[in-house]
Every structure is written in structure tokens, then in C-alpha cells.
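Here's the structure, in C-alpha cells; my notes come after.
The values are calculated or read from the model by the stated rules, or taken from the named source; none is laboratory data. All values derive from a computational prediction rather than experimental measurement. Virtual Cβ from ideal backbone geometry, glycine too; neighbours counted across all protein chains shown.
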Amino acid sequence: MTTRMLVPEDIETNTPVKIYKNKPKNLWSVQVKTEKGWRVKGHIKIARVNNGRFQVNEKTRQKIVEEGKKYVHAFVIGEWCQHWTLYQDHGCVEFVKYNPYKHKEFRTTDWYGNKPISPDWRGIVYFGKDGNVTKVKKGGPN
């Protein structure tokens with residue numbers, strides 16, 4: 001089954017979504033919840049979610065470390081945002097990274113202190129066409 005390229009208007013604002021990096025396609029895969037569970041709706045180059053949270057499936061992460069294979073197990077769950085502009089105040093954003101071999105959670109990049117991101121964190125998350133994930137710190141835009 002092939003999935004198509006999405007435009008932001010393909011998904012209603014505030015729809016719950018899961019987003020993860022699709023490395024072979026170098027795009028972001030977007031899942032929406034259906035009667036049969038989470039299903040890929042399509043792929044997109046850039047996106048934003050509100051009320052986003054970072055989630056790692058620990059059991060699958062351990063399998064990756066043991067086997068050295070890649071499985072989808074780390075993603076952001078949030079509410080889709082159709083219309084937005086990128087926040088330009090770099091004092092209010094932090095770039096995010098994830099490496100299943102080094103850590104059990106998403107973390108800020110070294111530039112921002114390599115701090116773990118709590119599973120309880122909620123906020124705005126941007127997904128860039130360059131593969132970067134950016135979270136807005138508290139006090140950023142609505």
C-alpha cells in the first residue's frame with residue numbers, strides 16, 4: 001500500500017495524530033486513529049502539533065538495542081495544526097534528538113543542555129523539512 005503526500009489541510013485541526021520520522025523516505029509519517037487503531041494517513045515535509053508529547057515504546061527500544069534493527073517505536077503524539085507560522089524567537093525553542101542506543105527518552109540537543117524531556121511535558125512541537133524536531137519552551141506562542 002502506498003501512502004500519499006499530505007498538505008496540512010488534509011487533516012482537521014485538533015485531530016489527534018502520531019508523527020515519526022520515516023527515514024527511508026526522509027519525510028514525516030503522520031498517523032491518525034481509526035476504528036482499527038493508528039494508521040498512516042500520509043507523509044509530510046513540515047508539520048506542527050499542539051499539546052504534543054514525546055513517547056518511546058520501551059519494550060521495542062530494548063529489542064532495537066538487542067537486535068540492532070530498526071522499528072518504529074518513538075514518536076510525538078499531539079493535536080494537528082493546519083495553519084501556523086514558525087516561531088522565530090530562538091530563546092523560546094529547543095531542538096530535540098533521540099537515540100535509542102544512548103537514552104530511553106527524547107532529549108534536547110547538546111546545544112540546549114542534552115536534558116531529558118519528561119513524558120509529562122506538553123507543548124507545541126515543530127517538524128522541519130531538514131529532519132529537525134523543535135519544541136517550544138513554556139512561555140512561547142499559543
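Here is a yes/no grid of residues against (1) modelled with pLDDT under 95; (2) aliphatic (A, V, I, L, M); (3) over 14 Å from residue 52 (Cα atoms):
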residue: 79; (1), (2), (3): no, no, no
residue: 85; (1), (2), (3): yes, no, yes
residue: 88; (1), (2), (3): yes, no, yes
residue: 96; (1), (2), (3): no, yes, no
residue: 102; (1), (2), (3): no, no, yes
residue: 116; (1), (2), (3): no, no, yes
residue: 121; (1), (2), (3): no, no, no
* Asked: When you go through 50, 57 one by one, which is the residue that is surrounded by 13 or more Cβ atoms within 10 Å (Cβ to Cβ), closer than 22 Å to residue 130 by Cα and not charged (D, E, K, R)?
  -> 50
* Structure fact -> Checked region 66-76 for anything more than 25 Å from residue 40 (Cα to Cα) and in contact (Cβ under 8 Å) with a residue 24 or more places away in the chain; matches are none
* Asked: Pick from 79, 105: which is in contact (Cβ under 8 Å) with a residue 24 or more places away in the chain, of a type in the set (Asp, Glu) and closer than 17 Å to residue 14 by Cα?
  -> 79
* Asked: Since residue 130 meets every condition but one in (1) modelled with pLDDT under 95; (2) surrounded by 15 or more Cβ atoms within 10 Å (Cβ to Cβ); (3) under 24 Å from residue 5 (Cα atoms); (4) within 15 Å of the chain's Cα centre (by Cα), which condition does it not meet?
  -> (2)
* Asked: Which one of these is of a type in the set (Ser, Thr, Tyr) and in contact (Cβ under 8 Å) with a residue 60 or more places away in the chain: 15, 60, 85?
  -> 15
* **Elements of type strands (runs of 3 or more DSSP E) in region 1-69, at least 3 residues being among the small types (Gly, Ala, Ser) and modelled with pLDDT of 95 or more** => none
